[in-house]
Each structure stands twice: as structure tokens, then as C-alpha cells.
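Here's the structure, in C-alpha cells; my notes come after.
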Amino acid sequence: MSTPSAPPPCPHLAAHRLSSRPLRFLRRCLRVRPLGRPEIRRDPRELPRCSPCAAAAPSRRGSSPRLYACLSCAAVFCPSHAASHAAASAGPGHQIAVDVDRAELFCAACGDQVYDPDFDHAVFLAQSSSLLPSTSSASPSPAPRKRRRVDYRAWAPDPAEFALMSSADPATSASAAAPAGLRGLNNLGNTCFMNSVLQALLHAPPLRNYFLGDRHNRFLCPRRTPVRHRAAGADAAKLACLACDLDEIYSAVFSGERKPYSPAKFLYSWWQHASNLASYEQQDAHEFFISILDHIHENVKEDQHKSHSQGHGDCCIAHRVFSGILRSDVTCTSCGFTSTTFEPCMDISLDLDAGDNNSSGVTNTKPHVRNGERSLAGVNSKVSTLMRCLERFTRAERLDAEQKFFCERCSERQESLKQMSIRRLPLVSCFHIKRFEHSSVKKMSRKVDHCLQFPFSLDMAPYLSSSILRSRYGNRIFPAEASDADAVSELSSEFEIFAVITHSGKLEAGHYVTYLRLNNHWYKCDDAWVTRVEEHTVRTSQAYMLFYVQKTLYYKACERAATV
């Protein structure tokens, strides 16, 4: 089937443009009726008639034929005499006429309507002028007043509003049905990995307060301005802003609507950044989590010309919330020289051991009690615990012979011990449990289905660099540690869990589900389905990613939700 082509331009109109002045001069003859319909009249009281047949102009009901006025001689004729007028006139330009009742151009020789941009512009200006209110010169409009800036104040119900909320029916009250922001996400085709991570991000208190506080407005984002879109050779990946799409999801989820939401726009923007993962195949939730945080950081780094050092407060919202600093100490076993490096991290990946607690370095033997759970380091157990995984992460390990450390003091490669610790804790700590093992030797992959016990309240003090160094050197204070700006107080080392991402099924075909802790109740977010579950269901699930927030922020969020 061939594609229809545009009709050729009228040659008579083109000849008229060359021989006559622009058609914009007809603006002085344009009249606009009360309903906005334009017409051609030299005099408002004029009643045009066809010269050959004396037919009058069409009435309001349109019973009479249309009348056209020649642009060259102003002769009026009906469609029946249009062709004869164009043929009888000796000079050029008599073929183009204008409909006196509709203000439309007509070619008498072609017998069809024609269009001219100058004439259309004149009609548009006449219609726009008729819509403007009439102003009197005797009463000039007052000068615009400068708007006074009003400081932001948090909303608080007055007595009438409080009485109205108190009299609301609990059965139909939104607060009684479910907490704010609890909304399912539609599965767009093996996108449960995306839905599970989005549910955790939507309810991370610092990130939620940032977007709901309009700190990133998608309508004012420089990446969404028309100038940016009109840039020559603009790349689609550079125009896509994941922070804007995330802001749109926040607005939709916290709008009060309970119908499941489809994050198709966010998925498409992520595909623009991660083109190698643009498919409807199942992806890893942890890789997706790291990917979107990196892309949000890249968007902000391009738009804001300022420093974005990870682990500090002058970076983007993604790193302000999730970025921490790890400390790595490599000690030479021959002379005791220690090399220390620091690196930022968005999460902590932990090996899932089944009670293997043999340690060649420093371990913490104090009991860890939280929420009725008691885990004693040094006691073997067939069930893994989060505390044991953290102790394994921060204990000293001997490097292999192939990984010998070059000691600056010995000036040669020596055997060494490496120990990791946490120098600075983020506002939200994410723990990734390594449940997927890939062996290049055996050329096989498998999933570790061991159960993991995790506390709802977590004290990260035993795994901080200050605690590790104190266990290694005693209570001696070094000048470098005393002036450390990243030292963590005991108050900020207390964390509360608010989201758990689980993986069920096999490695090739599995499913991700998120459990959210809102107002001390647990909710299961399984794509579009959101149900309330008991605490035991969360504890016995196969946790894949754990999200903890600093306890001070968690309690502030709970208190704010209770007062609303």
C-alpha cells in the first residue's frame, strides 16, 4: 500500500504572490462574529451579492450558495460563475478569491481551496484580538505587585479539620485501610526485580522525604527543559533522567490511589542508560539497585557543577543516603607494617555461611541481643545469622601466596593479613546476601538456600573501624583517629530494619518479593498484590537484600506518621 503524498501547490496562488502584495493586507477587512467565526466585510453593514446572478450572501442557516470576492478587482461571484470570471479577466491574479462568509482563500481556476501562511496569520491575529477584553484609556491597569515570599510551614489540622477526621468512618478511612504510599506495582514482563527494589526505595525515609519535599521537581529539572530536548544530536540516554521518573513514581504512589501502578516510563529510562540489559529477561535485583543509584548520581553530576565526592554531604541524594566508607588494613606478617586504604560503598555484600565461624583474626565474643534474638559469636550453628556474616566480613584473613603484599618497610612482597571495617555508616545501610555462587573451575552456578536470621534492631558499633582498632591495639588513642571527621557516635550506629527483599525459586527461574515494615506492621509487596503478613513470615523468608535505617530517623518517621 503506497503512502499518500501531499497535493502539489496551486500555481495560480504562487503567481499571485509574485505579482501582488502579501495577503496580510486583508486584515483590515476581517470581521469576527461573536462566536469567533471570521468573515470579509469592507463595511459591517455591507450585503454582498453575486454580480451575474444577483445571489445574496448566505444566511445564518446556510441556505444560499457561498460567495467569493476577487482579490484583484473585488468582484463578487458564486461558485457557478467562479471559473467564468477567472477566464474572462484579462490580467493575472483574478484566479484567487476569498470566501466572504468564512474568510477562506479559493482558486477559481482550480475550483478548490488554497492556503497562504500570511493570510492565515492575519485571520489568527483578528480572532485573538477579538478575544481580548476591551481596555479604557481613562483607567489604566495598575502596576503588578511584587509577590511576598511566604515561609514554608508544616500543615497542622485546625479544630474543625481535627473534628472532621475524628468523625470519619474507620472502615473507609485511608489510615485504617493501609499506610500512606502502600501501592502495588504491575509486572511488565519479568520485572519483579525492579518492583522489589522500587518498593524498598519508595519507603526509605531519607529518600522519601527528599522527593516528597519537592527537592527534585521533574517539571523544573534542567534535563527536561525544551532547550535541552532541542539540542542537536542529543542522546536519548542523556535526556532520560531517572530522578525525574522516580519523582513521578513517588507522586503516583503517595497520591492515595490504591490501584496498581505501572512503572513503564521508569523502565524505559533505565533501558536508555543500561542498553545491555534492555530486555524482558529476569535481572538481578542487586545489580539493578546499584545501576539506578549510579545513573541518578551521573544525572546530578552532569547538571550541577559542584563536587560530588562519595561518602560526604556534598554529593547527590543517592550517595547522601546510601554511601558509606569502608576501611581496608593490610598488615605485613614479617615487620607489622600496615597499609590503610579507604573506599566508598553503596552496600555491603556478605557471604552466607552455614555456621562456619573459624577465625584467624579478631572476633567479637560478646552476645548480640536485639528484639529477643540472642546470637553468640564463636558458637557454631547450622543457621546463618546476619551478625555472624558481619563478623566474618570484618575479621582478619590471610592473603594467598599469589596475593602477597608489597611491604614498603621490607621493600619486598611479604605474606600479609587483610581486615575490613566500616569507617563511616550511611543513613540507610543495605546488606546484600550472596546467595548466587558462580564457579569458573566447575563451570556451574547454584543458589544457596540457607536460612538467614536477622534482627529487626541492629547495632553496628562492633563492626566500626574504631571498635576493630580498639580490639587490635587496645584503648590507645592515636592522633589520626582523634581528629577523624568520619567518627561515628553510638547514637548513629543503631539501625532499624524497614525493608527486606527475598528471592524464591531457582537460579534460572526465581521471583523477588519485598516485605515492608510500616508502623510496626509488615506488608508483603508481590508486584501488584499487597497483603499484610505476620512477623514470623518475614523471619523465615530467604532474605536477599536487607535495608536498615538509622534508628533516630526511623523513630522520627514513625512519630510523624502517628501524628497525621
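The values are calculated or read from the model by the stated rules, or taken from the named source; none is laboratory data. Just so it is clear, the structure is predicted and the values come from calculations on it, not from any experiment. Using ideal geometry, Cβ is built from the backbone for each residue, glycine included, and neighbour counts are taken over all protein chains shown. Note: areas computed on protein heavy atoms with side chains; ligands, DNA, RNA excluded. Shrake-Rupley method; radii C 1.70, N 1.55, O 1.52, S 1.80 Å.
Figures for the structure shown
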quantity	calculated
Residue in segment 421-438 that is closer than 28 Å to H203 by Cβ, outside any loop (DSSP other than H, G, I, E, B), at pLDDT 55 or above and among the hydroxyl-bearing types (S, T, Y) present	yes
Residue tally, condition open to solvent by less than 20 Å² (accessible area, probe 1.4 Å) and modelled with pLDDT under 85, over segment 386-407	1
Count - residues of segment 335-348 that are open to solvent by 40 Å² or more (accessible area, probe 1.4 Å) and in contact (Cβ under 8 Å) with a residue 24 or more places away in the chain	4
Selection from segment 271-285 of residues that are assigned to a helix (DSSP H, G or I) and either open to solvent by less than 50 Å² (accessible area, probe 1.4 Å) or not small (G, A, S) (or both)	W271, Q272, H273, N276, L277, A285
Number of the exception - S51 against (1) at pLDDT below 80; (2) open to solvent by 60 Å² or more (accessible area, probe 1.4 Å); (3) closer than 19 Å to F124 by Cβ	(3)
Residue under evaluation S334, criteria (1) modelled with pLDDT of 90 or more; (2) over 22 Å from the mean Cα position of the chain (by Cα), criterion not met	(1)
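Residue by residue, here is whether (1) open to solvent by 10 Å² or more (accessible area, probe 1.4 Å); (2) within 30 Å of I468 (Cα to Cα); (3) at pLDDT 95 or above; (4) among the polar types (S, T, N, Q) holds:
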| site | (1), (2), (3), (4) |
| --- | --- |
| E490 | yes, yes, no, no |
| S493 | no, yes, no, yes |
| E496 | no, yes, no, no |
| V500 | no, yes, yes, no |
| G505 | yes, no, no, no |
| A509 | yes, no, no, no |
| T514 | no, no, yes, yes |
| N519 | yes, no, no, yes |
| E535 | yes, no, no, no |
